[in-house]
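**Q** One structure follows; several queries about it will come next.
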């Protein structure tokens, strides 16, 4: 083995195997593992994680990283070194004792959160959340760049380049446009009755249609598995093993369908990553926001469009002949696009979704800079929901306790959900200039869309940073105006606000 | 950390996590993984395996093993050191280059075997098998004891203390009794018509009954998962996560049922291992043969007995009212105990099963001592089937190519299947002296049986060597006479040979 790069890759292969094993355990715990397995399995997952940590932070890997950087490398190899070095640097700055303490804290916190949510008992979660907020801010602080706040460093962990300097104006723009647009929609007097979607839909038939739907939007069952779990998610083990879940409700036809399209959007991204990149540190998506752009683009801009349903709705109606009798394609599309401000982010409609994210962003910012105490969260949360969405939670279960993220230490993650929408709108517009997306959808030629996305976005994995990828795919820098225009045009049209 | 033993356990935890991950990947590949995942996943499994190897053979672990042995330890801790030292010693004796070569050889061989079996093309498998036989004999030779042959060392890997010195007389005894008993059965003129078991049995109903059956014989679904795969198997990740599979055939009612009982027998063993032992090197069964004794005892001695079906058959008949109409419990029990010499080991009846194993034992012995060439195997195989069972394979697919074992390098494993039967008969007899097994079964009180087995066998895991465990559970040394008596009594009775 002459090249240091190749020697470094022998360590990378070990880390990949450990990471992939953790991924499979994660999938298994959510989908199939027996009830009583969790505690012992978590201990073993902890061991895999610390073995990963030990390899990445070892002096050998540090030395090889320096030596390999001197060798002649292609773009992908340089990106692999970049990602390894970044992660290694981040981990090495954290005192080992603190890292272990934080891992234990978050490992136990999710259960405490789950119980608190179940019992509508924020007080029992507050001390853990206080500790998580403190520790994650301190840990992020070790890696912060010149001039950054701790919260900026936390934001960068998920979306490099998108600190408060970018997000403050971004969310201000969303707020400025979405809040009045929502008010206009609500005052339009054009409420949509979605009653038919709440009829009783046989779960087995739903399974059949959702499988069809996943395949239709590009999910390759030769390289993927579709399972069921409480909360839908996607996990990519490598580009030939990508898994999604959905969750079926008998009286909510659309829930599983749009989860399936959403997760399939994530999955197709992972399946389309170049063979040369899979099982390397640049195999995943370019960033959280870029990943989310592919799921939101598929779920909303594609999956809720009239053109998408033109070839598909007859099949759905055929399968549920009684339940959807008398519901036209046009009515169906209006139902799946209805605006209805609600308390729960994951069930939000397309127009109000980013307001849920905005609320979390504002709260996290104040929490981390110290101007907001954990004990004040429920009150502030409820006030903001009332202000932006016109609804007020009656319990913390459907308020501040609804999301799992903070219990896992993921503070700073939420904004990537909103960025994903904005990236998606910008990408859609660029794609639509090159291929007529609506015509493709009407003809059922969705592969022309996924091929375009593969060519411009997916195949690069994490080789290019998200901002660069966006620029190259769309021809311009990040521009949230596309998203504002998209929402305005769509909902102005649907609710006759012209 | 003062004690060297505790320090050693930090390495053991890493190895356990790596081993458990491999176990989960194995389960996943057989049950759920997408078709195209295998190659990349195999590479990652190889990495986990070599990380395991690196830890166990590291100088640190060697030193800690020596130091910990000087400390005050309880029986389980001593057993853990014993098992670790044995496995470390075995691996350290194998030149690293040879170990890697052998791992690659067997990793690729299973696919070559599968294709050869599919195409009835022994010649295409012969070169790989030749190489496997050579290498596995050489590798086993590194660990052989004074006076042992290479084949003895291979046998000991699976069943310590059971080399040719024990197995030659054991198999001679089986042959001496089973061959004439089989002849008498075949000449009794009392053929059993099992036609009703080949009617069409709805798979979903079979699933329902098999789940019930697994739970009935002690499989705890809070700690276990039941899946489906081509070939049924059991895998224990720890004592709170044990998984079995079965395989359903519409026209073979008994196939899935007895696979389920068999695998549940293995699983209950793993579930009943003491909490203090799980996730240690002594968590599994005492030996391959002892593990097999628990599955065969449950499948045959319990699961095919009239007493077992007395409370259960009405439920089966209720579920398949049309299909089993007019089939009495007595007739059903005769059908599931019918003797019918056949070509395939895994489908063999209880009386002929050990003859299939005997044939493999004789062939392996000659193959490893060099008196038989791989190219002669098909001919010898077919001749022995004709001699012992009175049936002759028309193809190698249903002859010498039927089993996966040799392609995986498992030469010397087969005898543990026969030993399992003999251990089971001896254990059954001891248990029957303390609790009246048939009465328990008639009253549906199978938990009294599993409790006895847990107390006497299961809870010890691998702490006691199999021979010692057998002696303590039954009050005497290994005695295959119990098995001969059991078979003779059972089939003499069933076929009116008195």
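The values are calculated or read from the model by the stated rules, or taken from the named source; none is laboratory data. Because the structure is a prediction, the values reported are computed rather than measured. Heads up, the Cβs are rebuilt from the backbone with ideal geometry, glycines too, and the neighbour counts pull from every protein chain shown.
**Q** Run residue A:441 past the list (1) buried (at least 18 other Cβ atoms within 10 Å of the Cβ); (2) under 30 Å from residue A:84 (Cα atoms) and report the number of the one that doesn't hold.
**A** Only one criterion is unmet by residue A:441, namely (2).
**Q** Please enumerate the residues belonging to the stretch B:272-293 that are away from chain A (no Cβ under 13 Å), surrounded by fewer than 24 Cβ atoms within 10 Å (Cβ to Cβ), modelled with pLDDT of 95 or more and more than 30 Å from residue B:337 (Cβ to Cβ).
**A** B:274, B:281
**Q** Of all the residues that make up the stretch A:119-163, how many are in contact with a helix residue (DSSP H, G or I) (Cβ under 7 Å, 6 or more places away or on another chain) and part of a helix (DSSP H, G or I)?
**A** Final tally of qualifying residues: 24.
**Q** Restricting attention to the stretch A:2-14, does a residue exist that is touching a helix residue (DSSP H, G or I) at 6+ places or on another chain (Cβ under 6 Å) and within 9 Å of chain B (Cβ to nearest Cβ)?
**A** Within the stretch A:2-14, one or more residues are touching a helix residue (DSSP H, G or I) at 6+ places or on another chain (Cβ under 6 Å) and within 9 Å of chain B (Cβ to nearest Cβ).
**Q** Sticking with this structure for a sec: Check the stretch A:76-89 and report whether any residue there is surrounded by fewer than 15 Cβ atoms within 10 Å (Cβ to Cβ) and either within 26 Å of residue A:244 (Cα to Cα) or within 14 Å of another protein chain (Cβ to nearest Cβ) (or both).
**A** No, the stretch A:76-89 contains no residue that is surrounded by fewer than 15 Cβ atoms within 10 Å (Cβ to Cβ) and either within 26 Å of residue A:244 (Cα to Cα) or within 14 Å of another protein chain (Cβ to nearest Cβ) (or both).
**Q** I'm checking my understanding of the structure. Among residues of the stretch A:22-43 that are at the interface with chain B (Cβ under 7 Å from one of its Cβ atoms), without any contact (Cβ under 8 Å) to a residue 60 or more places away in the chain and assigned to a helix (DSSP H, G or I), which one is nearest to residue B:41 (Cα to Cα)?
**A** This residue is A:25.
**Q** Check whether at least one residue in the stretch B:183-192 is buried (at least 18 other Cβ atoms within 10 Å of the Cβ) and within 30 Å of residue B:251 (Cβ to Cβ), and report yes or no.
**A** Taking the stretch B:183-192 and keeping what is buried (at least 18 other Cβ atoms within 10 Å of the Cβ), we get B:185.
The next check asks that each one be within 30 Å of residue B:251 (Cβ to Cβ); those that pass are B:185.
The answer is yes, given that some residue of the stretch B:183-192 is buried (at least 18 other Cβ atoms within 10 Å of the Cβ) and within 30 Å of residue B:251 (Cβ to Cβ).
Here's the yes/no breakdown for (1) in the same structural domain as residue B:128 (by TED's automatic domain parsing); (2) surrounded by 20 or more Cβ atoms within 10 Å (Cβ to Cβ); (3) in a loop (DSSP other than H, G, I, E, B):
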| residue | (1), (2), (3) |
| --- | --- |
| B:339 | no, yes, yes |
| B:365 | no, yes, no |
| B:381 | no, yes, no |
| B:397 | no, no, yes |
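**Q** Which of (1) in contact (Cβ under 8 Å) with a residue 24 or more places away in the chain; (2) in a helix (DSSP H, G or I) is the odd one out, the single condition residue B:432 does not satisfy?
**A** The one condition residue B:432 does not meet is (1).
**Q** Against the conditions (1) surrounded by fewer than 20 Cβ atoms within 10 Å (Cβ to Cβ); (2) modelled with pLDDT of 95 or more; (3) farther than 26 Å from residue B:174 by Cα, where does residue B:432 fall short? Just the number, please.
**A** Result: residue B:432 fails condition (3) only.
**Q** A follow-up question, please. Filter the stretch B:196-231 for residues that are away from chain A (no Cβ under 14 Å) and modelled with pLDDT under 95; which is surrounded by the fewest Cβ atoms within 10 Å (Cβ to Cβ)?
**A** B:230
**Q** Mind listing whichever residues of the stretch B:345-372 are without any contact (Cβ under 8 Å) to a residue 60 or more places away in the chain and over 29 Å from residue B:491 (Cα atoms)?
**A** Residues satisfying the conditions are B:366, B:370, B:371, B:372.
**Q** Here is a further query. For residue B:349, are the conditions met, namely being within 14 Å of chain A (Cβ to nearest Cβ), modelled with pLDDT of 95 or more and surrounded by fewer than 21 Cβ atoms within 10 Å (Cβ to Cβ)? Reasoning before the result, please.
**A** Details: within 14 Å of chain A (Cβ to nearest Cβ): no; modelled with pLDDT of 95 or more: yes; surrounded by fewer than 21 Cβ atoms within 10 Å (Cβ to Cβ): yes.
Answer is no for this residue.
**Q** From the list B:296, B:243, which residue is touching a residue at least 60 places away in the same chain (Cβ under 8 Å), buried (at least 20 other Cβ atoms within 10 Å of the Cβ) and within 27 Å of residue B:35 (Cα to Cα)?
**A** B:243
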